[in-house]
Amino acid sequence: MRTSSHTLARLLGDWSSGPRAAHRRLTKLIRLLILDGRLPLDTAMPGERDLAGALGISRTTVATAYAALREQGYLSSEDRARSRTRVPSPSASRVTPETAEAGRELIDFAHAAPPAPGEALHRAYTRALDQLPRHLPRHGYTLTGLPELRAAVARRYTERGLPSSAEQILVTNGAQHGLALIARTLLRPRDTVVLDHPTYPHALHAFRSTKCRILPVPLAEHGWDLDQLGAATRSAAMAYLIPDFHNPTGLCLPGPERARLRPGCPVIVDETMAELAIDSEAPPPLAAYHREVISLGSADKTFWGGLRIGWVRADPGLIARLGQARTATDLGTPLVEQLACAELLEDIHTILPGRIADLRGHRDHLLALLAERLPDWRVREPSGGLSVWARLPEPVSSALAAVAPEFGVHLAAGPRFGVGGAFERHLRLPYTLDPATMRAGVDGIVAALAAVRTGRRVKADEPAPF
Ligand SMILES: Cc1ncc(COP(=O)(O)O)c(C=O)c1O
């Protein structure tokens, strides 16, 4: 794969303002593009002269940035004329001021994933271990999932308004595994996939790695344009939607609109956040309105990412097909985690209220902080999920994410959530950290933003703002 100078210039956006010399800014931004997947690994970079021309800067600036990226291990150094993107191997990495900065403990505003409900998780694993002896005489491989977990997941769908049976459930190693498996099994290269824009970045990754064409349908500030979505799906092989507390915007498609949707192709509905309704109950799953929908679920946001348990709900024929197809890459989900997840689902009615109350408090705290410290950012209050999607007054999201580590914060730039360099005016901020850490993180963002806006370097003797 290669990237042209014009594509890279578009990905870099308005990179020319910010602190530090131009070659340092360019180095940081290209590094950010590699680290967040917008420049895939092993991509051939444009030549120095071409990129300098596309950016309207001197070739020396590009050459210096490329040399720094090579030195840091982000570009291959075997053939200078055809540098390719890569990430440094831990053994090869040298300690430079930049890698030292990257190694510092940063406030993580880049991942939207809550901590575990400690006691409940401990209890679930203890009960899982108690049950383990009963499984030990058998081989322990479960291609479609442990019967008790499949039944527990089906029961939860039924409670949420979608009658389901265990044969309709395939247990996977997280929702992402389920999505990649569906994409690999049902799609062919050059098939068109319709998706919300913005969307979940690793979904883009899954569809790109099956070489599908992406057709983004913009999400309006208040939600989905059903007519546009219906029209786009008529020429597509598949649609991927996140109608339940959408990542990154937090939007939820109301029940009556679910009924009004007229998809023209099969739809994968990602319900990873569906249990995280903060303000009012979520509507029934989209598959309750459209029988042919393939639902994708996860225990990893409801309970804990470390579980790595997800599932697909579809008709039993497709579930059996996916179960067979998974043998190309894995032979089932770890048994103790499945047992623990079944226990957690058993206890969901006692676990969820506390988690939702915490999330509500954290969301309100973050919204208050943003109103106080960044009053010119526009933020819509999400009614569930894990993040807010802020609109910035200027297109500086990547520049901000590139300098934020100097101010103690790790950010995911808006364009990670889109295609073609969109969303430079947006930033996703999760409310999964504790309030004091969020306050320190917002302080760091304010300082980083000031540096981006003025192009001023913070003096070395200024106290770190975190
Ligand atoms: C919308 C969406 N889908 C899928 C996933 C991946 O879920 P899992 O951790 O179960 O693989 C995430 C995780 O952030 C997500 O936000």
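The values are calculated or read from the model by the stated rules, or taken from the named source; none is laboratory data. Bear in mind the structure is a predicted one, so any value in this text is a computation, not a measurement. Cβ: placed from backbone, ideal geometry, glycine included. Neighbour counts: every protein chain shown. The accessibility values were calculated without ligands, DNA or RNA, using every heavy atom of the protein model including side chains. Shrake-Rupley method; radii C 1.70, N 1.55, O 1.52, S 1.80 Å.
Show the residues, 5+ positions off or on another chain, whose built amide H is closer than 5 Å to the amide H of V409.
Long-range HN contacts for V409: I107.
If you average 1/r across every pair of different Cα atoms in region 176-256 and take the reciprocal, what Kirkwood value do you get, in Å?
Numbers: mean 1/r = 0.0773 Å⁻¹.
About 12.9 Å for region 176-256.
Determine the relative contact order of region 253-355: mean sequence separation of Cα pairs under 8 Å and six or more apart, normalised by residue count, in whole percent. Mind showing how you got there, number by number?
Numbers: 87 pairs, mean separation 21.3, N = 103.
Result for region 253-355 is 21 percent.
For E346 paired with A259, estimate the spin-label separation in nm (one decimal), with each label point 7 Å from Cα along the Cα-to-Cβ line.
Using points 7 Å along Cα→Cβ, the separation is 3.8 nm.
Any idea of the accessible area per residue across the chain, 1.4 Å probe, to the nearest Å²?
Details: 19920 Å² over 466 residues.
Here the per-residue accessible area is 43 Å².
Helix-only mean residue ellipticity at 222 nm, the chain, DSSP H runs n ≥ 4 weighted -39,500 (n - 2.57), per residue, nearest 500. What is it? Show your work: numbers first, answer last.
Details: 16 runs with 188 residues, N = 466.
That comes out to -12500 deg cm²/dmol.
How big is D, in µm² s⁻¹, for the chain by Stokes-Einstein at 4 °C and 1.567 mPa s if Rh is the Kirkwood radius over C-alpha pairs? Working shown, then result.
Details: Rh = 23.6 Å.
Result for D is 55 µm²/s.
What does the convex hull of the Cα atoms of region 118-348 come to per residue, in Å³, rounded to a whole number? Present the calculation step by step, with values, prior to reporting the outcome.
Values: hull volume 26.5 nm³, N = 231.
Per residue, the Cα convex hull of region 118-348 comes to 115 Å³.
Which whole-Hz ³J(HN,Hα) couplings does region 122-130 yield from phi under the Karplus relation 6.51 cos²θ - 1.76 cosθ + 1.60, θ = phi - 60°, glycine and proline marked x?
Here the 3J(HN,Hα) series is 4, 4, 5, 5, 4, 5, 4, 5, 4 Hz.
For the ranges 291-300, 311-320, 408-417, what's the packing order if you count other beta-carbon atoms within 10 Å of each residue, average per peptide, and put the highest first? Don't jump to the answer; show the numbers that get you there.
Values: 291-300: 22.0, 311-320: 19.7, 408-417: 24.8.
Going by the mean number of other Cβ atoms within 10 Å, highest first, we get 408-417, 291-300, 311-320.
For W224, what charge total do you get from the other residues with a beta carbon under 15 Å from its beta carbon, if Lys and Arg give +1 and Asp and Glu give -1?
Values: positive: R258, R260, R262, R380; negative: D196, E221, D225, D227, D244, E257, D270.
Charge balance near W224 sits at -3.
Tell me the carbon and sulfur percent of the accessible area for the chain, rounded to whole percent, probe radius 1.4 Å. Before the final figure, lay out each step's value.
Numbers: 10780 of 19920 Å².
Heavy-atom surface of the chain belonging to carbon and sulfur, 1.4 Å probe: 54 percent.
Between T126 and R70, what is the label-to-label distance in nm when each label sits 7 Å out along the Cα-to-Cβ direction?
5.9
Listed highest first by mean packing, meaning other Cβ atoms within 10 Å per residue, what order do 105-115, 53-63 come in? Kindly include the intermediate steps, with their values, before the conclusion.
Numbers: 105-115: 18.0, 53-63: 16.2.
The most tightly packed comes first, giving 105-115, 53-63.
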